[in-house]
Every structure is written in C-alpha cells, then in structure tokens.
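Asks: Encoded as structure tokens, here's the structure I'll be asking about.
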Amino acid sequence: MRTYLRLLGFLRPYGGRLAAAIACMILYAATSALSLGMISPFMQVLFERRAAPVSTAPAAAVAAAPARPRLDLGSVLPPRWRADADRLLLDARPLVALERICVVFLIVFLLKNLSDYLQAFLMVSVEQAAIRDIRSQLYAHLHRLSLSFHHGRRSGALISRVTNDVEYLRASLAAGISNLVKDSLTLAGCLFWVFFVSWKLALLSLIVLPPAALSLVIIGRKMRKRSSQAQERMGELTGILQETLAGARVVKAFGMEGFEQRRFDRANQGFYKAFVHLRRVSAAARPLSEYTIVLVAIGMLYLGGREIFVNRTLEPQQFMLFVGALLTTISPIKSLSEVNANVQQGVAAARRVFATLDTAPEIVDRPGAQVLPPLRDAVRYESVGFAYDAARPVLHDVSLEIRRGQVVALVGSSGSGKSTAMDLLARFYDPTAGRITLDGVDLRDATVSSLRAQLGIVTQETILFHDTVRNNIAYGLADAGDEAVRRAAQAAHAHAFVARMPQGYDTVIGDRGVKLSGGERQRLAIARALLKNPPILLLDEATSSLDSENERLVQEALERLMRDRTVLVIAHRLSTVQHADRIVVLDRGRVVATGTHGELMEREGPYRRLYNLQFVA
C-alpha cells in the first residue's frame, strides 16, 4: 500500500485536472443512478396510466376504492421537487407525460456520456503527465548514478525499467483512479436503488460478496508475484536484444547468429511462460466476479418473482427497477475486480522503479563543496588506493604529480590500472584510500560540475550519437559556432573526410557512428575534446584507432594544442608517449617506475621490456 501511495504522489502536481476528472466521474455516477431511477416512472406512465381508464363512478365510490400501490420515488427528493415531479410526469395526460419523460431521458444520457468523455480525456492527460514525469525522473537519476551502478547491471534491464516497467505503472494509475472512483460511485448508485426497493432482497444478495472478495484478494497476491517474474523476464529479453544489436559486427564475424538466436529464444520462451502464467491468474478475476453477480441476479429474479406473484408485496415497476439496478452492478464490479489486477501489476513494477530511484549516487557534492578555479599548480595522487570490491583491489598506494602544462603518460600492461587511475581523476569513482587533489583541494571537497568543466576526455571506447557530425563534435557546447567546429575538426584531421560526406557537417552518422570507420570515429572524438578547449586533457588510447600517417598528424596537432595544458595520456603503443614530460609505469596497480623515456630506457625494468616487445622484436 505504501508503494502505491507513493506512486499516486506523482499525480499531485496535476491536482486541478484530477479534481475536474473526479467531478466528471461524480456527475457520471449521478446520471447513471438517475437513469436507473427513471425506470419506475417510465413504466408507470406507459402501463399504469393505460391500465387506469377514466372512471364514471361517483366521487365517493372512487375515493373508497383501494389505491393501487406504487413506488414513491419522490421520497428521495425534497418535498417541493416531489410535487413538481408528480405534476410533471404523473398528473399530465399520458402522451404528454411520455414526451416529457423521453426528453428527460435524452438530457440525462447526454450528461452521462459527456461526463464520461470528459473524465476519460482528463484522466489520460493526468496519467500520461505523471508517467512522463516518472520516466524523466528515472532517466535523470540513471545519469546521476555512479558508473559502478551501471557496470553491475545489464543495460537492457535498465532500458526495460524505463520502458516496460513504467508502462505497467500507466495501467495501474489509470485503473487506480479512473475505474476505482467512477465504478465505485456507479456501483453505489446501483446499490442505492437495490436497497431502496427491497432491503431484504438486497441483504440476501450480499451474502456471496465476502467469499468473492476473498478469492479476488488471493488472485491479487498471486498476480503481484507473477507480474514481477514477467517484468524480470522482459528485462532479460531486452538485455539480450540490446547486446546483440550493438555487437552485430562481432556476432556475424564469429558466426554466432545461431547461438544468439537460441539464447534469445530461451529468454523469449521464458517471458512467454511468465506472461501466460500472469494472464492465467489475472483472467480468472473478471469471470469469477461476473459469475458471482449472475448467481445473485438469478436468485433475486426468483425471489423477486415470488414477491410479485405469491406475496404481492412488490409492484412490477418496483421489481423492474430492482432487477435493472442489480444487473447494472455487473459492469462496475467487473471493472473493480480488474482494478486489483492492474494495481498489483503496477505495484510490482513500481517496486522495481523505486528501487532504482532510491539507489543513492556514490559521487555527489558534499555540503559546502567549493567550485574549483582553473588549474594553477598541479594535480596530485596521494597514496591512492581503489577497489571495485574489497576482494579485488585495483590500485595500491599510487602517488604521482601532474604539474600544470605537463604531459604525463601512464604505461603498463593490460589490467595494470591505467584506466582506473584516469577514471578517478574524472571522479567517475572516488578512491577507497588516499586522495586526489587539484591545487591542494581534495576532489571530494569540490563540486563535480566544476571539476569536469576543466576536463576534456577521449576514451578508449569511442562514443558517438545518432546525430549530425556537427552536433557530435559540439556535444556539451550548444553555443559553439560552425567555424569553431570546423577548426576543431581540422586540428583532429577530420575535416577532410567530413567534407566528402553528402551533407558535410550536417550528415547523420548513425547509432554509435556506425557509418564511419574506426579511425574516423576516433578523430571526431578527438575533435570534440579539442573544441571544449579544457585546461586538462585525458587521452585514453587517443590515437590507437588511426593508421600510422594519421596518427602522426593527429599527434602533431595534439602536441600543438596541449601547450600550457595539463595532459594525462594512456597508450599501449609507446611511440605516442615518448615525448611525454614524465612516464609513470604501473604494474598490477602499483607505480613501479617513473621518469622520461630516455631515463626509463637506461635502466632495466618493465618499461624497457615493454618497449623492446613492441619495437625491437
């Protein structure tokens, strides 16, 4: 219940529209009840007036004749309205009364259907606005969460949470408000007439409600469990789909289409079974409630018939009103039984969504965090240690200094901790031991935005978006002019191949830049970092995807643009770091050597061994 109440809290900003929708629901229920209540006077106008010929007997004899009992519907009205209703419908000539009651019917049903349309439109507006807010809040929170959260989860499962799980919330909100309020009020109006006609028959009809309600509660519990399982299977299915589509080149290259198809089919079959089990349970709710009402209606038809033909305690028009009201309860009760099913599915989805929203970001600004000014002195790693989990430390007691304007290279074999050390400077993670400072300020005491505003990053994995070349280069710099974009592309030696594209800088490069070669994607990423013109550059394998000629040209451009800037660069190909001011050699997360290229080559050690492996051999 707490989860569902939290979900309903997203409707609060739209209270005005929600109140208007509820007002329309109240009008709908009132006109529905009024249309039922008109059954009795309609039958009186049609049949009693026809069955009562004009009497020629003396007035005293007429007065002495017993009056035929009839339902006093006016008793539910104020006295003045009661007299007006009798005069309007019962005291007029039969044909005039019929015309009047038909006009009233038209007005009542016009109001009923108009209010139904308005409440449906308003509720869709409120419901979709709330879903939009939930989806937007969830997406924003996913970006606030640290990389450790994303690395521990399949992206497909997170995509499913934003799409499929939120869709379940939509159905739950619609059922929980629209159906619950409208159908509850409609049901109340029907039950009013049922009790008004014969409270004894009404009480008899309610005997079966407790066991029916208990069965719906049991079904609801099972549905919550089945719904959660179905949503988990959909997350797995979306994950496989996302992975295989993103890695289509690898799948084809290794001939794994059949394997991936079988893996997808297993996940697809798992979702099929989970969803069928869910529907098998949810499908029982509607027929169960309907059959219960039919049993009640048949019983009441029999008992009511006895009251007319045997006991003569009910008038035919009374009984018709009773039966009409009783049968009209079937539709709202069926809808209300589905409310529970939809709410249970929504609660299961809401728990998954709220579990993500309640996950606290690890990298946040501390209270009183300061805004970092541009780098003036140096970046320092002071006895830094880091572990993704306690059992597997990645960095051990790393200490190094990167002075302003220096180029410092991190070198080491794969898995030595180079990329992790760079990630710590970008504050994608925080050290588990020691600290990193910028001009003496611990990065954890500074705002994340002011730190990253000083960084330009080119990662080992080139990330481009399904957008134009211009927008990819100017990513994060919406006010960048065309000339600035062109100069950055020229500096990265990307302008030539961009100019050959059909729409030049307005060419859409496809998802992850699929229309470009690896070297072209790398150069656009470099151009993006150069356009930002940051004080600090982080280059992770920045030229590893370029051929030798373009690597030389890009390296020259980088050396020219890195003047008076601080650079931390990673490269497995040592030719790209030979001119660095200092080289830091990492081995199994520890600093094992530092110095210039010449100094490190003069002594035996891991750097010379790596160099010889690449060049001498």
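Asks: Being of a type outside the set (S, T, N, Q) and either modelled with pLDDT under 85 or surrounded by fewer than 17 Cβ atoms within 10 Å (Cβ to Cβ) (or both) is the filter here; which residues of region 588-600 pass it? Before the answer, list the steps.
Replies: Residues of region 588-600 that are of a type outside the set (S, T, N, Q), as a first pass: 588-593, 595, 597-600.
Residues satisfying the conditions are R588, R590, V592, G595, G598, E599.
Asks: Going by what's in this entry, would I457 be described as touching a strand residue (DSSP E or B) at 6+ places or on another chain (Cβ under 8 Å), crowded, with 20+ Cβ neighbours inside 10 Å and farther than 30 Å from L613 by Cα? So that I can check it myself, show each step before the final result.
Replies: Working: touching a strand residue (DSSP E or B) at 6+ places or on another chain (Cβ under 8 Å): yes; crowded, with 20+ Cβ neighbours inside 10 Å: yes; farther than 30 Å from L613 by Cα: no.
No.
Asks: With a cut-off of at least 3 residues that are at pLDDT 65 or above and under 57 Å from the mean Cα position of the chain (by Cα), name the helices (runs of 4 or more DSSP H) lying wholly within region 1-99.
Replies: Details: elements: 2-8, 15-37, 39-43, 59-64, 79-85.
In region 1-99, the matching helices (runs of 4 or more DSSP H) lie at 2-8, 15-37, 39-43.
Asks: Could you tell me which numbered condition F149 fails, if it satisfies all but one of (1) more than 29 Å from A19 (Cβ to Cβ); (2) surrounded by 14 or more Cβ atoms within 10 Å (Cβ to Cβ); (3) under 13 Å from the mean Cα position of the chain (by Cα)?
Replies: Unmet for F149, out of (1) more than 29 Å from A19 (Cβ to Cβ); (2) surrounded by 14 or more Cβ atoms within 10 Å (Cβ to Cβ); (3) under 13 Å from the mean Cα position of the chain (by Cα): (3).
Asks: Residue under question is R351, and the condition is that it be within 30 Å of S228 (Cβ to Cβ), touching a Ser or Thr at 6+ places or on another chain (Cβ under 9 Å) and among the basic types (K, R); does it hold?
Replies: Details: within 30 Å of S228 (Cβ to Cβ): yes; touching a Ser or Thr at 6+ places or on another chain (Cβ under 9 Å): yes; among the basic types (K, R): yes.
Taking the combined requirement at face value, the residue satisfies it.
Asks: Name the residues in region 476-511 that are surrounded by 19 or more Cβ atoms within 10 Å (Cβ to Cβ) and outside any helix (DSSP H, G or I), would you?
Replies: A492, H493, A494, I509
Asks: Tell me which residues, restricted to region 420-449, are small (G, A, S), within 33 Å of the chain's Cα centre (by Cα) and buried (at least 17 other Cβ atoms within 10 Å of the Cβ). First the steps, then the outcome.
Replies: Quick first cut of region 420-449, residues small (G, A, S) only: 421, 426, 433-434, 440, 446, 449.
With the extra rule that they be within 33 Å of the chain's Cα centre (by Cα), the set shrinks to 426, 446, 449.
Within region 420-449, A426, A446 qualify.
Asks: State which residue pairs qualify: first residue in the same structural domain as V469 (by TED's automatic domain parsing) and inside region 495-520, second residue small (G, A, S) and part of a helix (DSSP H, G or I) in any location, beta carbons under 7 Å apart, and separation of 6 or more residues or different chains.
Replies: Qualifying pairs under 7 Å: H495/A489; V498/A489; V498/G504.
Asks: Could you list, in sequence order, all residues of region 268-288 that are in contact with a Lys or Arg (Cβ under 7 Å, 6 or more places away or on another chain), at pLDDT 80 or above and hydrophobic (A, V, I, L, M, F, W, C)?
Replies: Just the residues of region 268-288 that are in contact with a Lys or Arg (Cβ under 7 Å, 6 or more places away or on another chain), to begin with: 270-271, 274, 277-278, 281, 286.
Still in the running and at pLDDT 80 or above: 270-271, 274, 277.
F271, A274, listed by residue number.
Asks: Further question: Please find, within region 460-475, the residue that is nearest to P535 (Cα to Cα) out of those that are surrounded by 21 or more Cβ atoms within 10 Å (Cβ to Cβ) and touching a Ser or Thr at 6+ places or on another chain (Cβ under 8 Å).
Replies: Of all residues in region 460-475, those surrounded by 21 or more Cβ atoms within 10 Å (Cβ to Cβ) come to 462, 464, 469, 472-474.
Then keep just the ones that are touching a Ser or Thr at 6+ places or on another chain (Cβ under 8 Å); that gives 462, 469.
Values: T462: 21, V469: 24 Å.
Across region 460-475, the extreme among qualifying residues is T462.
Asks: Here are some residues: V197, V162. Which one is over 19 Å from K334 (Cβ atoms), among the β-branched types (V, I, T), at pLDDT 75 or above and buried (at least 20 other Cβ atoms within 10 Å of the Cβ)?
Replies: Details: V162 fails: buried (at least 20 other Cβ atoms within 10 Å of the Cβ).
Of V197, V162, the one residue that is over 19 Å from K334 (Cβ atoms), among the β-branched types (V, I, T), at pLDDT 75 or above and buried (at least 20 other Cβ atoms within 10 Å of the Cβ) is V197.
Asks: Could you say whether any residue in region 356-375 is surrounded by 15 or more Cβ atoms within 10 Å (Cβ to Cβ), at pLDDT 90 or above and within 21 Å of D587 (Cα to Cα)?
Replies: Checked region 356-375: no residue is surrounded by 15 or more Cβ atoms within 10 Å (Cβ to Cβ), at pLDDT 90 or above and within 21 Å of D587 (Cα to Cα).
Quick grid of which residues meet (1) more than 16 Å from S419 (Cα to Cα); (2) outside any helix (DSSP H, G or I):
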| site | (1), (2) |
| --- | --- |
| H579 | yes, yes |
| L586 | no, yes |
| V592 | yes, yes |
| E604 | yes, yes |
| N612 | yes, no |
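Asks: Please verify whether region 374-395 includes one or more residues that are over 16 Å from S148 (Cβ atoms), without any contact (Cβ under 8 Å) to a residue 24 or more places away in the chain and not basic (K, R).
Replies: No, because not a single residue in region 374-395 is over 16 Å from S148 (Cβ atoms), without any contact (Cβ under 8 Å) to a residue 24 or more places away in the chain and not basic (K, R).
Asks: A further question on this structure: Can A246 be described as of a type in the set (G, A, S) and either modelled with pLDDT of 75 or more or within 20 Å of the chain's Cα centre (by Cα) (or both)?
Replies: Values: of a type in the set (G, A, S): yes; either modelled with pLDDT of 75 or more or within 20 Å of the chain's Cα centre (by Cα) (or both): no.
Considered against the rule, which asks whether it is of a type in the set (G, A, S) and either modelled with pLDDT of 75 or more or within 20 Å of the chain's Cα centre (by Cα) (or both), A246 comes out as no.
Asks: OK, next. Taking V108, is it at pLDDT 85 or above and surrounded by 14 or more Cβ atoms within 10 Å (Cβ to Cβ)?
Replies: Values: at pLDDT 85 or above: yes; surrounded by 14 or more Cβ atoms within 10 Å (Cβ to Cβ): yes.
Answer is yes for this residue.
Asks: Would you kindly identify the strands (runs of 3 or more DSSP E) lying entirely within region 402-474 that contain at least 2 residues that are over 26 Å from R486 (Cα atoms) and of a type outside the set (S, T, N, Q)? First the steps, then the outcome.
Replies: On the way: elements: 407-411, 433-438, 455-458.
The qualifying strands (runs of 3 or more DSSP E) are 407-411, 433-438.
Asks: Just to verify a result, which residue in region 513-541, among those that are under 18 Å from Y475 (Cα atoms) and in a loop (DSSP other than H, G, I, E, B), is modelled with the lowest pLDDT?
Replies: That would be V514.
Asks: Just to be sure, is A129 assigned to a helix (DSSP H, G or I), among the small types (G, A, S) and closer than 23 Å to I26 by Cα? Let's see the steps before the verdict.
Replies: Working: assigned to a helix (DSSP H, G or I): yes; among the small types (G, A, S): yes; closer than 23 Å to I26 by Cα: yes.
Yes.
The values are calculated or read from the model by the stated rules, or taken from the named source; none is laboratory data. All values derive from a computational prediction rather than experimental measurement. All Cβ positions, even for glycine, are placed from backbone atoms using ideal geometry, and neighbour counts span all protein chains on display.
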